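Contents: one structure, followed by commentary.
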Amino acid sequence: MGERGGMALHWKILIGLVLGVVTGAVINVSWDTYTWGALGVGDPSSYRAGKDAKRAEELPERPGPAIEWLARHLDEYSPAPGVGPLDPPSNAYHGRVVDWLVRDLESDASEATDAAAARDWLRDRVGEALQILNVNETAEDEDSEVVLARITPPEDPALARDVGWLVSDLSQVRVDPATGGVVSTANSGAGLVASVPRIIANVNKLVGDLFIRILRLIAIPLVLFSLVVGASSLNDLRKLSRIGGKTIVIYLCTTAFAIFVGLVLANLIKPGTFVPEETRDRLAAMGSGEYESKVGAEKEQQARELSPWEQILDIVPQNPFEALANAQMLQVVFTALVLGIGLTLIPKQKAAPIIAIADGMTEVVIKLVQVLMLAAPYAVFALIARVVADLGLEVMGSLIVYSLVVVAGLAIMAFGVYPAVLWLFARVGYARFFKAIAPAQLVAFSSSSSAATLPVTMECAEDRLGVSEEVSSFVLPLGATVNMDGTALYQGVAAIFIAQLYGIDVTITDQLMIILTATLASIGTAAVPSAGLIMLVIVLQQLGFDQAVMAGGIAILFGVDRILDMARTVCNITGDSMVATVVASSEGELLSEAEVRRRREQGEAAGLDEHPHEGHGDEYGVDGGSVHRPVNVGTDGPDESKS
């Protein structure tokens, strides 16, 4: 893959990841809503999405600096003949907060009869708002917090008109003369300077999303064609069933053990006891919106109704083309296996062309993966920078103990249990294994998706680790859907954490039920970001948690789920690679380290383009083609016997 004479691929990706983390952290700490406000952007979320600005319906976040500005502005305001209303703030986000605070004071007064009285009255109300903010900052529990509401007009009609005149220029709306509708001007001050960070953010998002989308594009054809070739080349149903049996047994055992590790850590450290009740309620309220959008009642009900028998039945697609279109990995695996087995049962001369096509397409897709990996360092930078920049540091700080328990469990599995199993059953050393799968681990960490990482995982297992295509094409696609050790461990820790948060006693019997339920639930977990939280509903339901506890507990976890999802995806694909290596070794399908090195040297010598084109159609030796794609057109004219 072009590493000769240069830096190894996994080091390039690691550098991209580290730079992404640093860049994202700097943006997270130094860039906030008031930074956008200084650039003339009062509604940052709408501006970044390229949509029209909207007035704030709820109290905007971090209102303190804006209300303090208004208090200073009122102190400096000197009513006199010819002096107009209060000037709007230069910072557009100050204006957004102030617009929300004084919105109910608006009136149609053209001038004030007593501007000094209006100023004094408003200054007192703003002072009360600041006191409320100070009380809330120093409150020891949520019950003592006071809700900050908009300022209501004074009862005296004359004073109300004067106050309305005083704040008339603080409004961030105007009436569109063409339509008569109200239009927000929160972002009207945004100019070229403000567009630069938006463009950079959009380009960064495009690079990361494009990389993941191409990986997903490649994943399904790779699974389909490579598994057809692998199953048909075995030519022995007993060998296929033996490989399948080993794979399923190892996957289930490692999943159950991962849950056990998570439960032990959660019971020993008790992360739920480190979160005070008021913090729990505040985090639940903050995450309730995301819970409704990502889980909601409909998805929760679907998760509850999903039985193990339905999961087994769902492996068989009613329409294989629909399974391919919707990227249903287990159904694609089943379809490819059935086709591969069918090819072993028909005459060789009829099966050979189909196998040759599938084999050629497998080579094409693998080559595309190698080309795509050249962009991996840049894509990893883009992906991780965005995640870290948007990470809620306040929520992360509140759930730091819980997060560390999950990460510790995942580290025990990925860097302790898996290498031990590898050494015992395959005699593969620590350094060889992790050096081989490092690119897949780094891409998994950035993408949070086992399915998107699958092409990279397969390339690493075959090209860098020495697993045969017969084994990798079966074990790894199956593992991307069935083997969710990291997700299962996470669900075990999360269940105990939520129980501790709400003071619910969980018995040994309940915890054994967690192991069983989480193992089955992990099999049905989609290989996409944050899917594990949806399947967590099944585990909590089996424990008998009521709706309020489940909704509140899962809403709390959303605040740190993205970063933990990245870590558990690494654990998932590491487990997949371990199982593929063990199965390959037991079947005599694992190359030695020297053989892998020699094969990689040959591949690097050949380069990415293994077929330098000769510039004419005859090089392919096949009939057909067109003006735009000349292949063996010939010079003798058309064959009239075919007409």
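Things worth noting here:
- Leading residue by the ranking (nearest to residue 150 (Cα to Cα)) among those in the range 47-65 that are among the hydrophobic types (A, V, I, L, M, F, W, C) and open to solvent by 50 Å² or more (accessible area, probe 1.4 Å): 59
- Unmet requirement for residue 352, which otherwise passes all of (1) under 26 Å from the mean Cα position of the chain (by Cα); (2) surrounded by fewer than 21 Cβ atoms within 10 Å (Cβ to Cβ); (3) farther than 30 Å from residue 264 by Cβ: (1)
- For beta carbons closer than 6 Å, sequence separation of 6+ or different chains, a first residue in the range 586-606 that is in contact (Cβ under 8 Å) with a residue 12 or more places away in the chain and on the phi > 0 side of the Ramachandran plot and a second that is assigned to a helix (DSSP H, G or I) and open to solvent by 70 Å² or more (accessible area, probe 1.4 Å), there are no qualifying pairs.
- For residue 396, the criteria (1) aliphatic (A, V, I, L, M); (2) closer than 25 Å to residue 284 by Cβ; (3) open to solvent by less than 20 Å² (accessible area, probe 1.4 Å) hold in every case but one, which is (3).
- Answer residue from the range 80-99, given it is surrounded by 24 or more Cβ atoms within 10 Å (Cβ to Cβ) and among the β-branched types (Val, Ile, Thr) and is nearest to residue 117 (Cα to Cα) among those: 98
- Any hit, the range 163-173, residues being among the polar types (S, T, N, Q), in a helix (DSSP H, G or I) and at pLDDT 65 or above: yes
- The condition of being more than 24 Å from residue 441 (Cβ to Cβ), modelled with pLDDT of 80 or more and either in contact with a His (Cβ under 8 Å, 6 or more places away or on another chain) or outside any helix (DSSP H, G or I) (or both) holds for only one of 634, 588, 615, that being 588.
- Of residues in the range 311-333 being assigned to a helix (DSSP H, G or I) and open to solvent by 70 Å² or more (accessible area, probe 1.4 Å), the one modelled with the lowest pLDDT: 312
- Any chance residue 443 is within 19 Å of the chain's Cα centre (by Cα) and within 30 Å of residue 267 (Cα to Cα): no
- Residue list for the range 192-230, restricted to those being over 20 Å from the mean Cα position of the chain (by Cα), among the small types (Gly, Ala, Ser) and more than 30 Å from residue 338 (Cβ to Cβ): 194, 195
- Qualifying residue in the range 413-426 (condition: open to solvent by less than 20 Å² (accessible area, probe 1.4 Å), assigned to a helix (DSSP H, G or I), farther than 30 Å from residue 592 by Cα and at pLDDT 95 or above): no
- Boolean, residue 45 is more than 21 Å from the chain's Cα centre (by Cα), free of Cβ contacts under 8 Å to residues at least 12 places away in the same chain and closer than 27 Å to residue 566 by Cα: no
- Cross-chain or 6+ apart pairs with Cβ under 6 Å, the range 398-421 first and more than 17 Å from residue 263 (Cα to Cα), then surrounded by 14 or more Cβ atoms within 10 Å (Cβ to Cβ): 398/279; 399/560; 418/574; 418/578
- In the range 475-490, the residues that are under 27 Å from residue 323 (Cβ atoms) and more than 17 Å from the chain's Cα centre (by Cα): 475, 476, 477, 478, 479, 482, 483, 485, 488
- For the range 251-287, the set of residues classified as aliphatic (A, V, I, L, M), within 30 Å of residue 475 (Cα to Cα) and open to solvent by 40 Å² or more (accessible area, probe 1.4 Å) consists of 252, 264, listed by residue number.
- Residue-level check: of (1) part of a helix (DSSP H, G or I); (2) in contact with a helix residue (DSSP H, G or I) (Cβ under 8 Å, 6 or more places away or on another chain); (3) over 27 Å from residue 190 (Cα atoms), residue 112 misses just (1).
- The range 537-578, subset of a type in the set (Asp, Glu) and assigned to a helix (DSSP H, G or I), residue surrounded by the most Cβ atoms within 10 Å (Cβ to Cβ): 576
- Meets criteria (in a helix (DSSP H, G or I), at pLDDT 90 or above and touching a Ser or Thr at 6+ places or on another chain (Cβ under 7 Å)) for residue 444: yes
The values are calculated or read from the model by the stated rules, or taken from the named source; none is laboratory data. Just so we're clear, the structure is a prediction, and the values are computed from it rather than from any experiment. A quick note on method: Cβ atoms are made from the backbone with ideal geometry, for glycine too, and the neighbour counts reach across all protein chains shown. The protein model used for the area step is the full one, side chains on, heavy atoms only, and it has no ligands, DNA or RNA in it. Shrake-Rupley method; radii C 1.70, N 1.55, O 1.52, S 1.80 Å.
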